[in-house]
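Worksheet: one structure, shown below.
The values are calculated or read from the model by the stated rules, or taken from the named source; none is laboratory data. None of the values given here were measured: they were computed from a predicted structure. Please note: Cβ atoms are built from the backbone with ideal geometry, for glycine as well, and neighbour counts cover all protein chains shown.
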Amino acid sequence: MLEEQLARYGRDRNVEMSCVHYGSAEAFLDAPYDVDVVFMDIDLPGMNGMDAAAQMRRSDATTQIVFVTSLAQYAVRGYQVDAAGFIVKPVRFYDMAMCLDKVCRVIARNVEESITLKTQSGLYLFPVSDIEYVETSGHDLVYHFSSGASPIRVRDSLGRLATSFEDKPFIRVSQGQLVNMMHIARVTGDCLTTTGGATLFFSRRCKHDCLKRIAQYMGRTI
């Protein structure tokens, strides 16, 4: 029924889409998925949908999640994993369309948000979401990217960059490093590990505020 309604939504909004179905949370988490939105039931065989979403968020902070379930009492917990919406069964087309309209706006905003980096060899345009972390090197900044693109060196200050990124999910872990919380894979002791495998250490001055902001962003206690 949901797939039929999604197909209707695509026709009405002139949006091209395709759907992939997984029979369990484990099958979904094990798959190399590359999607814009996940419609997740909660009452699943094995791992439930809420726990699966929490595990997904440890390495994926951007993919939109919509819970589709009869278990309305879990609605509040959906905000802990930054859910885009919560649709109670039986799914009505109007409810699904309103939720997907919101999801599409978020996706479009994320795609459009980019940064232009000026180097000696020319201008480079990157999505802000692709920046894994930025670190100082002398009087320059070195940008590291989650896509695997080669690091780019730019003449700039980390203080200026941190100020311009105040409305984005970046935190300054030390005097010389700024990290994108979308790409934090693990936090242990005095350091964090990015999804790309880099280890960044908290300065004593920054640690408390960083841990607080990471916990708020991830929706879980660290």
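Residues are listed down the side, and each one gets a yes or a no for (1) farther than 30 Å from Met50 by Cα; (2) modelled with pLDDT of 95 or more; (3) of a type outside the set (A, V, I, L, M):
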| residue | (1), (2), (3) |
| --- | --- |
| Leu117 | yes, no, no |
| Asp130 | no, no, yes |
| Thr136 | yes, yes, yes |
| Phe145 | no, no, yes |
| Ser164 | yes, no, yes |
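The combined condition, being within 20 Å of Ile171 (Cβ to Cβ) and not β-branched (Val, Ile, Thr), is fulfilled by Asp130. Among the residues of the range 154-202, those that are of a type in the set (Lys, Arg) and in a strand (DSSP E or B) comprise Arg155, Arg172, Arg186. In the set (1) in a strand (DSSP E or B); (2) over 22 Å from the mean Cα position of the chain (by Cα), Val134 fails one condition alone, (2).
Failed condition for Phe201, given (1) closer than 16 Å to Phe145 by Cα; (2) at pLDDT 95 or above; (3) out of contact with any helix residue (DSSP H, G or I) (no Cβ under 7 Å at 6 or more places or on another chain), with all others met? Of (1) closer than 16 Å to Phe145 by Cα; (2) at pLDDT 95 or above; (3) out of contact with any helix residue (DSSP H, G or I) (no Cβ under 7 Å at 6 or more places or on another chain), only one is false for Phe201: (1). The single condition among (1) without any contact (Cβ under 8 Å) to a residue 12 or more places away in the chain; (2) within 23 Å of Cys104 (Cα to Cα) that Asp30 does not meet is (2).
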